[in-house]
1. Relative contact order for the chain: what percent, with Cα pairs under 8 Å and sequence separation of 6 or more?
2. State, to one decimal in nm, how far the label point of VAL106 lies from the label point of ILE230, with both points 7 Å from Cα in the Cβ direction.
3. Pop the C-beta distance of ASN38 and VAL341 into the FRET formula with R0 = 22 Å and round what comes out to the nearest 0.05.
4. Rounded if a/c is under 1.5, else prolate if a/b is larger than b/c, else oblate: which is the chain, with a ≥ b ≥ c the root eigenvalues of its Cα gyration tensor?
5. Arrange the peptides 117-130, 200-213, 262-275, 331-344 so that the one whose residues have, on average, the most other Cβ atoms within 10 Å appears first.
6. Run the count for the chain, please: Lys pairs, Cα-Cα under 15 angstrom, 8 or more apart or on different chains.
7. Calculated FRET efficiency, THR82 and ILE331, Cβ-Cβ r, R0 56 Å, to nearest 0.05?
8. Rounded to the nearest 500, what is the chain's calculated 222 nm mean residue ellipticity when only DSSP H runs of at least 4 contribute -39500 (n - 2.57) each, over all residues?
Amino acid sequence: MQNLYEPSGKQRIQSIDILRGAIMLIMAIDHIRDFFHNVGPGVDPTNMATTTPFLFFTRWITHFCAPNFVFLSGISIYLAGTRRSKSELSNFLIKRGVWLIFVELVLITFALTLNPLYSVIVLQVIWAIGFSMIILGLLVRAPLTIIAILGGLIFFGHDILDFVKLPAMGPGGILLKLFFTAFGTVIPLGGNRIILDLYAVIPWTGVMFLGYVFGQLYSSAFDQQRRKKILMISGCTLIALFVVLRFINVYGDPSHWSVQHSSVFSILSFLNTSKYPPSLLYLCMTIGPALVILSLVENVQNKLTAILSTYGSVPFFYYILHFYLLRIINIIVFFASGFGVNQIVSPKSAFLFSPPGFGFNLLGVYIVWLVVIATLYLPCRWFSKYKMTHKYWWLSYL
């Protein structure tokens, strides 16, 4: 969700804004489903025993968001580096990474829980991006080849840990979970306060490293046709790798697919890769098509791409705003549905205003989604124009 690659007043790279904008809109579906789907939070829409094709698709399509957020952040960082010295870029990335972690801990956690006591602190994609920026900031002086090798080793090799017995307890176990294997990892802080970590840092860092390497394709001297060809070949290669490795069913994802009671559900099982932490097959399945799209939309200009570019030009602004907007709608619907003050806090739930039975069916979820993204269009358009016409230093952090 980072927007580093063009300073105010400079021409933007439209294909990146188009893809990023589409990702931003799709992302909101998942968050709205979490808060408004009447099956309640915590129900797994990818569970083959209980899901439906429509519910599975509603979750599956949002898988494309986080990995491509992180990958595009890497591209943006490379292009930001063309306007800075290595020392300046390193300092900027470390400061921005610390800022993003603060935003995750304070602004996003509060938007998710609405708990002013911060009894549960949630670490999600902003945390992973922020920490990955700090790591890249420390390594950015290294040759691009070194960063490419490290990124490739992490991207293609981190699933080797699925075959290794790792410490589960103690400080070592906590660090391994934070950086490599986190999936709903609960870290007690004392005083009835916990950290809920959903994003293991290092696998996402590998994605950012490779995005940084791909950033060189967008330098001003790089031939456009060659860039489109490299993006297309890379995307198709990742898609093919996903199909082959998924069919073999040995390496690349800890959750193997299996034949189900119908062909439709067998396909769903095939597509049901692991996001927490992101497996190789999950990353191939999501980043591969995105690279193909980047190749195809480079010279496309129409009303739809203009709308997508508006959202994609202010991703961080959109991300923060959409959480608070959907929570305002959440509270309005909560009281309009007849729930009372005594039901704001629900047993066994870290999120306020989400009692059992609250919400809509999937059609209602999509209606709320349309309301949210339509409401945010004008604010995003205003802020996009503001960033293009102003050069305040703090804009680089938004």
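1. Numbers: 609 pairs, mean separation 115.1, N = 398.
It rounds to 29 percent for the chain.
2. Inter-label distance under the simple model: 3.9 nm.
3. Numbers: r = 21 Å, r/R0 = 0.94.
Between ASN38 and VAL341 the formula returns 0.60.
4. On the way: a/c = 1.34, a/b = 1.19, b/c = 1.13.
The shape class here is rounded.
5. Details: 117-130: 21.3, 200-213: 25.1, 262-275: 16.9, 331-344: 12.4.
My ranking of the peptides, most packed first, is 200-213, 117-130, 262-275, 331-344.
6. Values: LYS10/LYS385; LYS10/LYS387; LYS10/LYS391; LYS86/LYS95; LYS165/LYS177; LYS177/LYS275.
Lysine pair count for the chain: 6.
7. Numbers: r = 45 Å, r/R0 = 0.80.
That gives a FRET efficiency of 0.80.
8. On the way: 15 runs with 232 residues, N = 398.
It lands at -19000 deg cm²/dmol.
Every read-out reported here was derived from the displayed coordinates using simple, explicitly stated rules and does not represent laboratory data. All values derive from a computational prediction rather than experimental measurement. Cβ coordinates were reconstructed from backbone atoms using ideal geometry, including for glycine residues, and neighbour counts include every protein chain displayed.
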